[in-house]
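Notes for the one structure printed next.
The values are calculated or read from the model by the stated rules, or taken from the named source; none is laboratory data. Note that the coordinates shown come from a computational prediction; the quantities given were computed from them, not determined experimentally. Positions of Cβ are backbone-derived with ideal geometry, glycine not excepted, and every protein chain shown enters the neighbour counts.
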């Protein structure tokens with residue numbers, strides 16, 4: 001631990017190689033990625049060119065795709081080892097894309113559940129950054145908390161291919177993606193808990209359209225997409241068919257935990273900015289650091305960071321071990337989202353008007369903290385599901401108060 005608030009879960013200290021990688025990733029994000037954020041946030045050709053440069057520098061530094069399988073061209077770092085440096089990488093939203101770890105969820109899902117053709121045709125290109133993938137689950141009239149109400153439909157054609165029609169929204173990265181995994185109903189009717197499948201759709205297919213961008217709290221955001229009779233090859237069905245919810249559950253558990261790690265990195269960044277401001281800024285009554293109310297902000301933010309980090313790393317450890325981590329992931333997701341919003345709010349308060357303007361990353365970090373309480377399931381979903389699981393354990397009389 002350090003006075004800055006950085007700490008690891010004490011159950012498993014990273015080895016020397018991982019610590020060294022973490023320092024290098026931290027340095028790369030601070031000196032290369034963060035100074036480029038204004039350009040990267042603007043989008044368009046200039047942002048694409050800047051990202052291309054960063055990716056080349058990440059490869060040259062030996063930091064490319066660290067958590068992705070070595071046989072596919074990645075760094076082969078185990079998930080628990082990667083978790084030790086994911087905070088540093090995720091301190092900027094652009095860190096994972098710049099260093100090639102952004103496709104981790106798609107590569108993991110396709111590697112486990114894709115056909116031989118899908119694995120052969122796409123995986124190495126995804127890891128290399130030659131193509132990009134995204135994931136489309138929620139729909140305009142269907143909350144992500146009720147996927148069984150999915151209305152997007154996939155009909156089997158005589159040749160075995162699928163014809164997919166429907167609309168999805170809040171699909172991150174859809175505008176620049178080459179592939180999109182779509183949850184669609186292949187049997188039954190909306191409301192049925194069975195009959196949902198995942199299909200990998202090439203975005204260049206006739207009938208695929210990006211409808212519009214969906215700004216999040218006024219900033220650039222994900223997209224709404226439409227599929228109008230898009231024909232998908234038979235071997236682009238993931239899994240056996242009808243098992244979308246179990247595959248999605250795997251993806252969500254890993255994805256939520258990754259988000260928590262990155263939110264920790266972003267909160268640490270806001271905390272450091274707050275402490276720097278307090279230590280260097282003086283008001284009419286002397287240095288801000290001498291004000292008790294400023295000290296209260298620092299203490300509360302540090303407490304939030306220190307108490308959230310072990311929860312996140314407990315979820316990491318269980319996922320890495322292949323154990324049931326539903327309770328721990330739910331706890332971590334709610335705690336990390338609240339923590340990011342709290343810490344960035346305190347940092348803005350200590351900065352005063354400067355914290356609201358364009359000269360610091362705090363507005364973007366705060367916006368991310370607020371959105372975090374809805375992304376990957378709202379707080380309320382996790383609160384009720386964790387509580388029900390805990391209470392079921394007690395009703396069975398087995399004392400299972402923490403794990404489902």
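What tally of residues in the stretch 139-196 results from selecting those that are within 24 Å of residue 214 (Cβ to Cβ), assigned to a loop (DSSP other than H, G, I, E, B) and in contact (Cβ under 8 Å) with a residue 60 or more places away in the chain?
Matching residues across the stretch 139-196 total 4.
Looking at 306, 338, which is the one that is modelled with pLDDT of 95 or more, touching a helix residue (DSSP H, G or I) at 6+ places or on another chain (Cβ under 9 Å) and under 30 Å from residue 277 (Cβ atoms)?
On inspection, the qualifying residue turns out to be 338.
Could you tell me whether the stretch 66-76 includes any residue that is crowded, with 21+ Cβ neighbours inside 10 Å and closer than 16 Å to residue 19 by Cα?
The answer is yes, given that some residue of the stretch 66-76 is crowded, with 21+ Cβ neighbours inside 10 Å and closer than 16 Å to residue 19 by Cα.
Output the number of the condition that residue 356 fails; it satisfies all remaining conditions of (1) touching a helix residue (DSSP H, G or I) at 6+ places or on another chain (Cβ under 8 Å); (2) touching a residue at least 12 places away in the same chain (Cβ under 8 Å).
The one condition residue 356 does not meet is (2).
Criterion first (in a loop (DSSP other than H, G, I, E, B), without any contact (Cβ under 8 Å) to a residue 60 or more places away in the chain, surrounded by 22 or more Cβ atoms within 10 Å (Cβ to Cβ) and more than 15 Å from the chain's Cα centre (by Cα)) does residue 100 satisfy it?
It is false that residue 100 is in a loop (DSSP other than H, G, I, E, B), without any contact (Cβ under 8 Å) to a residue 60 or more places away in the chain, surrounded by 22 or more Cβ atoms within 10 Å (Cβ to Cβ) and more than 15 Å from the chain's Cα centre (by Cα).
Take the stretch 171-202 and flag every residue that is surrounded by fewer than 20 Cβ atoms within 10 Å (Cβ to Cβ) and within 25 Å of the chain's Cα centre (by Cα).
Across the stretch 171-202, the qualifying residues are 172, 173, 175, 176, 178, 202.
Determine whether residue 289 is farther than 22 Å from residue 387 by Cβ and in contact with a strand residue (DSSP E or B) (Cβ under 8 Å, 6 or more places away or on another chain).
no
Filter the stretch 223-241 down to the residues that are crowded, with 16+ Cβ neighbours inside 10 Å, free of Cβ contacts under 8 Å to residues at least 60 places away in the same chain and not in a strand (DSSP E or B) and list them by number.
The one that is crowded, with 16+ Cβ neighbours inside 10 Å, free of Cβ contacts under 8 Å to residues at least 60 places away in the same chain and not in a strand (DSSP E or B): 241.
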